[in-house]
Amino acid sequence: MSVAEQAGHAPTASEYIVHHLGHFSTHHQDKIVDFSILNMDTIFWSVFAGVVGSLFMYLAARKAHSGVPGRFQAFVEMVVEMVDDQAKGIVHGDRTFIAPLALTVFVWVALMNSLDFLPVDLFASLFKLIGLDSVISHHRVVPTADLNGTLGIALGVLALMIFYNVKIKGLGGFIHELFSAPFGIWLAPFNLLLNLIEFAAKTVSLGMRLFGNMYAGELLFLLIALLGSMATVFGFVGHVIAGSMWAIFHILIVLLQAFIFMMLTLVYIGQAHEGH
């Protein structure tokens, strides 16, 4: 329950937005990113999107046949072929694991982004209806609008980058490259520092890019929702028109950000297959 509701009056616009940007966490969070706590809503919806995506692809594989494909099979085949073509053009080597990995990343991130289309007050109203509003005072649905979530995925990509560097070049070869590239072994300290900065920059930028776009999109949905609270014709019309236009445009953002995240994952893993 928000501070304004506890005080017995309707929340202001700023209180409404701040309340909806809060997380259901293990304890109070006053920072955008804080790895000392767990955002339970981010974890739940990330797992939920992963399960739905896995079920979606399982059903597609189970119903696949060699005859004329139906709409569902044709759609999935288009997505799989698109991802496989991108993996083939970027990663020069064994793609038996990398192509499915890229497909998993694309489907998972796209589904997590798509949760932004749910009404902003849906779960607050639902929790109030079943009497859980005093227990779950804050709840955010979109995992990719939480910097903790996007940086967590980016750290997973970092682990894959290191894994493939070691797998392709060997542990000794990878360590040698860290110290010798790009300026030669005589500048080993500078090479190591530069390579560590490169790995850190790739990880942070990967997580920040997805977070920034989805956070901005969520914030715009909240601002549009505030138009609906205006007891005027302008407020109602503006809410419907602006909400519809932004939702349509947001479909492109949701899919584009999933595609960009998948492509950067492929690029970073592809770079691990190549030496300096």
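The values are calculated or read from the model by the stated rules, or taken from the named source; none is laboratory data. Here the structure is a predicted model, which means the values were calculated and not measured. As a convention, Cβ positions derive from the backbone with ideal geometry for all residues, glycine included, and neighbour counts pool all protein chains shown. Quick note on the areas: whole protein, heavy atoms, side chains included, nothing else; ligands and nucleic acids left out. Shrake-Rupley method; radii C 1.70, N 1.55, O 1.52, S 1.80 Å.
Examine the stretch 240-247 for a residue that is modelled with pLDDT under 90, open to solvent by 70 Å² or more (accessible area, probe 1.4 Å), in a helix (DSSP H, G or I) and not aromatic (Phe, Trp, Tyr), and state whether such a residue exists.
Checking the stretch 240-247: at least one residue is modelled with pLDDT under 90, open to solvent by 70 Å² or more (accessible area, probe 1.4 Å), in a helix (DSSP H, G or I) and not aromatic (Phe, Trp, Tyr).
Of the residues in the stretch 168-182, how many are open to solvent by 30 Å² or more (accessible area, probe 1.4 Å) and either at positive phi or in contact with a Leu (Cβ under 8 Å, 6 or more places away or on another chain) (or both)?
Residues meeting the conditions: 2.
Quick check on my filter: what residues within the stretch 186-202 are open to solvent by 90 Å² or more (accessible area, probe 1.4 Å) and over 29 Å from Phe97 (Cα atoms)?
Scanning the stretch 186-202 gives Trp186, Pro189, Phe190, Leu193.
What single numbered condition from (1) open to solvent by 40 Å² or more (accessible area, probe 1.4 Å); (2) part of a helix (DSSP H, G or I) fails to hold for Phe221?
The one condition Phe221 does not meet is (1).
Considering Tyr268, Tyr215, which residue is touching a Lys or Arg at 6+ places or on another chain (Cβ under 7 Å), in a helix (DSSP H, G or I), at pLDDT 80 or above and of a type in the set (Phe, Trp, Tyr)?
It is Tyr268.
When Ala87 is evaluated against the numbered criteria (1) at pLDDT 90 or above; (2) within 25 Å of Gly212 (Cβ to Cβ), which criterion, by number, is the only one it fails?
Condition (2) is where Ala87 drops out.
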